[in-house]
Amino acid sequence: MWTPSKRDTMTVWQQVELENRLVYYREIFQGKRIPRYKLARLFYVPFNGYKDKDELMNIHEHYHPKFKKWIAEKQHLPLEEIEKEIEELHKAEDITSNNYLELKATILKDVLSSCEFCENRCRANRDEGEVGKCGVDDKAYVSSAFIHMGEESPIVPSGTIFFLGCTIDCQFCQNWDISHEFGFERIKGRGTSAIQLAQHYFTLVKQSARNINFVGGEPTPNLHVILESFKHTQVDVPMLWNSNMYLTDMSMKLIADLFDIWLPDMKYSNKECATKYSKAPKYWEALQRNMRMIEDRGSGEYIIRHLVMPNHTKCCSIPLLDWINENLNTPLVNIMGQYHPDYIVLQTDRFPEIKRRVSTTEMYEVRNHADKIGLYWKSVS
Ligand code: SF4
């Protein structure tokens, strides 16, 4: 049973629009639904004997719609009842090594030797210790894990796990110390294992975390360890993917139906700005695809974060809000005004146009536009 830790974490649910948009999420931490990772490891998928990544991915795609249908039927039932049914049904089979979660984890392990977890597709052989463009090797490096009270009201208290490394290179990064300049050589080899990660979940939930919040840096390079950790935990809280969403189509397919709620970061709505300020040329293309996938293949429950940047309301903020409004079903948007120049922007004169804070006029313009098109943003901003 959860208890509120600050007033607005309770009163926020009195808002009908919010209550209707985060139904599964709320019911999981209230104990009325089962987190998706637990169901994925109970869903029988025979794949032993298949070795090739493409073959395994085909099996995954074959079973994805079946899993989607199955969780819709089972998610609200008592876990013991489902476990009993599965035990009866698959007496003769080895379900611990033939289930949907295991299949996903097996594919990710295979990809690690020529990594394409994110759209950089740098193909580093991380399995052999090679370091990817994201700055990490095959290990997951946890910078900190604690109860975060500063996230959006519906998700606090949040059991937040910060990973080192990042898949994009924002020139104004406000977390540069854990994203880029974390001194990899000094910590090399001292990563966090899947079991240690699962121990973090246990501790965070004991400290009243309402969810497990994977963030960074960026969680994407750690996908293989995170999925492995799901085999070693029993926590009954929603799993939350808090990310720049620069994942490949394949990575996104593997996690879209596994996480219960999403905090996608949407900064730009064009290739030029994403390339210039974050060295992420496929950003807009990937973001659109991955956001649709959350709705088509996953829970469809998310809070989009949009950081308003100086001199970027016309090229990014306004078109982005329009795209969200026209293409997504039930968006909640946190329109954030805390941009400040940092990292490379502060160290050089290469980006004078973003070397200041966002003005009140710019924030008003963006928020006013959100109101004009009817986007729901106030209770999460
Ligand atoms: S996650 Fe890292 S290693 Fe993998 S493709 Fe992206 S940048 Fe390269």
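The values are calculated or read from the model by the stated rules, or taken from the named source; none is laboratory data. Keep in mind it's a predicted model, so treat the numbers as computed, not measured. For neighbour counting, all protein chains shown are included, and Cβ atoms are generated from backbone atoms with ideal geometry for every residue, glycine included.
Among the candidates R186, R190, the residue that is touching a residue at least 40 places away in the same chain (Cβ under 8 Å), basic (K, R), surrounded by fewer than 24 Cβ atoms within 10 Å (Cβ to Cβ) and away from the ligand (no atom under 12 Å from the Cβ) is uniquely R190. Checking the stretch 153-170 against the condition returns a match, with at least one residue being under 30 Å from P310 (Cβ atoms), buried (at least 22 other Cβ atoms within 10 Å of the Cβ) and more than 17 Å from the chain's Cα centre (by Cα). Restricting the search to the stretch 115-166, which residues are assigned to a loop (DSSP other than H, G, I, E, B) and of a type in the set (A, V, I, L, M, F, W, C)? C115, F117, C122, A124, V131, C134, V136, M149, V156, L164, C166, listed by residue number. Going through the stretch 44-78 one residue at a time, which ones are at pLDDT 95 or above and of a type in the set (A, V, I, L, M, F, W, C)? V45, L56, M57, I59, F67, W70, I71, A72, L77 - these are the residues of the stretch 44-78 that are at pLDDT 95 or above and of a type in the set (A, V, I, L, M, F, W, C). Residues in the stretch 86-134 that are surrounded by 15 or more Cβ atoms within 10 Å (Cβ to Cβ), more than 16 Å from the ligand (Cβ to nearest atom) and over 19 Å from L56 (Cα atoms): 2 in all.
Of all residues in the stretch 258-290, those being closer than 22 Å to P238 by Cβ and buried (at least 21 other Cβ atoms within 10 Å of the Cβ) number 8. When the stretch 156-183 is examined, which residues are found to be without any contact (Cβ under 8 Å) to a residue 24 or more places away in the chain and among the acidic types (D, E)? Within the stretch 156-183, D177, E181 qualify. Just so you know, in the stretch 11-43 the residues that are loosely packed, with under 13 Cβ neighbours inside 10 Å and of a type in the set (S, T, N, Q) include one that is modelled with the lowest pLDDT, and it is T11.
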